[in-house]
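Reviewing the structure listed below.
The values are calculated or read from the model by the stated rules, or taken from the named source; none is laboratory data. Values in this document were obtained by computation on a predicted structure and should not be read as measured data. All Cβ positions, even for glycine, are placed from backbone atoms using ideal geometry, and neighbour counts span all protein chains on display.
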Amino acid sequence: MQPREAQPIGDPGREAADPIGVVAIGAEDRRFGIVDLRRHTASGMLVTSAYQIGLVAISALRGLIVAAFLTRADYGIWGIVGLTLWTALGFKTVFGANDKYVQQSDTDQERAFQRAFTVELIFAAALTPVAAGVVGLFAWLTGHGTVLAPGLVLLLLLPSAALQFPIATYYRRMDYRRQRTLQAIEPVVGAVVMIALAAAGAGYWSFVGGAVVGSWSGALVALRACPYRLAWRYDRGTLRSYVRFSAPLLVAGVSTLAVFQVVILVGAGPLGLAGVGAFTLVGNLVQFTDQADSIVTDTLYPAICAVGDRIELLSEAFLKSNRLSLMWAVPFGVGMTVFGGDLLRFGLGHRWVPATTLLEIMGVVTAVHHVGYNWSAFVRARGITWPMAVAGAAVSLTVIAAGVPLMYSHGLLGLGIAFALGEAVALAIRGYVMVRFFTAVRILPQLWRGFAPTLIAAAPVLAWRATTGPERSAAAALAMFGAYLLITVAATLALERPLLHEALGYLARKRPQLA
């Protein structure tokens, strides 16, 4: 029996009372019979969060242990090789079949999987010679011929990544436990092999061996766990639809990469290596907000794909998921602006103080960036991807066009201004998308609601700071930071209590009053 797609059940009156309601799922297409999407998605966020935390812990532990056996030269070679291959793998992830496969609603899911799996293999095969050329180009540009051999061996990651595609079937079914269990094979096995090879004196080849063995182990397990029959099923129409879906995503990914490549390559002149290092440090700090939002967005995507034709429902899910994300992202971003100087001076040392201005600007940029941050997932759920290409190209062109002259004239301050201008363009595009693709969703109310608790907390801290003067001790900075956190939590509880009560109710397996 072929699986049937998710269909909403219940009368219109029930849907008005609970717009997400209950979704009936075919036995072969979900491991459970009737699913409350709200509750199940909330549970999935816990699973995804645990997986992400474990992944960070494994990566940190692996890095510390391997560093004890390797030299800085080994790390340098791995840095060059890794940059080329991770860029190629990133393009494959964007220009892949995963998102489109989750979004499709074919009546024959085994056939849909086989077609998507075939497209994924075609994409990997097409990218392999491109990645090989990039490896050779980097070896020639850097003058380090030693990176050529490990780089070519790492090309084995492209087919193994494609062969892990069966994991997407569990992602589409919202079987988050099974999905994350299968995904954990690669980092765990890779870490064990990498540490063993480093201890045996393999040098930078320990990175290569760990990555390849871990990836192929994950591929073999994924193929063994595939719920459908593996088969080559080429269909020209399917390939065209997947290319149309993924090509704009590739444009967006290349645009984002171009910004950072230009900043690093061009910025080495006006900013110097120290300035580029400051930019890299700030980028590492702001990425935590993206990781938190990714947990929410990645968990929501298959759920919103299941109900992608119900605009009111998507609008409600977009608003509430973004409000939940802003409870973390805005305090973090504004906190970097308010306390960035203290963090650099007392935490990292005075040599990082010149990065204060850039960190303060990027803190506000990061906070604003997360207003409507996950809009692309909701648009993709409806099979529309061109807005991502438009947004990525427009923002990247703005940052590059403004950033290059401003870096020469104002240094790190100019670079921060360029990113602020790019975010202004991005905010305008998100506002347009909200009006066009959602119902009763506007960017300015979302902006104000997301920032209100943090502004309430920042105001007394800034007043306190004005009375103490610029010369503060580490103890005073910690006291101000503690006050900022406490007031933020209190203001968030006061202003967002209904939404928090609703979200916690799903985790407690209740059906609470909707916010």
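Residue by residue through the stretch 68-127, note down the ones that are of a type in the set (Phe, Trp, Tyr), at pLDDT 75 or above and within 23 Å of residue 155 (Cβ to Cβ).
117, 123
Give the residues of the stretch 154-200 that are among the aromatic types (Phe, Trp, Tyr) and over 18 Å from residue 97 (Cα atoms), sorted by residue number.
Step one: filter the stretch 154-200 for residues among the aromatic types (Phe, Trp, Tyr), giving 165, 170-171, 176.
If the condition is that a residue be among the aromatic types (Phe, Trp, Tyr) and over 18 Å from residue 97 (Cα atoms), then 176 is the only one that fits.
Evaluate the stretch 479-492: report whether one residue or more is crowded, with 17+ Cβ neighbours inside 10 Å, at pLDDT 85 or above and more than 18 Å from residue 337 (Cα to Cα).
Yes, that holds for at least one residue.
Take residue 435 and tell me if it is farther than 29 Å from residue 342 by Cβ, modelled with pLDDT under 85 and more than 22 Å from the chain's Cα centre (by Cα).
No.
If you go through the stretch 335-388 one residue at a time, how many are of a type in the set (Ser, Thr, Tyr) and closer than 25 Å to residue 483 by Cβ?
Pass one, the stretch 335-388, residues of a type in the set (Ser, Thr, Tyr): 337, 356-357, 366, 373, 376, 385.
Filter once more, keeping what is closer than 25 Å to residue 483 by Cβ: 337, 356-357, 366.
The qualifying residues number 4.
Here is a yes/no grid of residues against (1) part of a helix (DSSP H, G or I); (2) surrounded by fewer than 16 Cβ atoms within 10 Å (Cβ to Cβ); (3) among the acidic types (Asp, Glu):
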site: 101; (1), (2), (3): yes, no, no
site: 105; (1), (2), (3): no, yes, no
site: 114; (1), (2), (3): yes, no, no
site: 117; (1), (2), (3): yes, no, no
site: 133; (1), (2), (3): yes, yes, no
site: 140; (1), (2), (3): yes, yes, no
site: 160; (1), (2), (3): yes, no, no
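In the stretch 458-487, how many are farther than 30 Å from residue 432 by Cα and either under 33 Å from the mean Cα position of the chain (by Cα) or touching a residue at least 12 places away in the same chain (Cβ under 8 Å) (or both)?
19
Given (1) more than 17 Å from residue 492 (Cβ to Cβ); (2) touching a helix residue (DSSP H, G or I) at 6+ places or on another chain (Cβ under 6 Å); (3) free of Cβ contacts under 8 Å to residues at least 40 places away in the same chain; (4) surrounded by fewer than 18 Cβ atoms within 10 Å (Cβ to Cβ), identify the lone condition not met by residue 432.
Only one criterion in (1) more than 17 Å from residue 492 (Cβ to Cβ); (2) touching a helix residue (DSSP H, G or I) at 6+ places or on another chain (Cβ under 6 Å); (3) free of Cβ contacts under 8 Å to residues at least 40 places away in the same chain; (4) surrounded by fewer than 18 Cβ atoms within 10 Å (Cβ to Cβ) is unmet by residue 432, namely (2).
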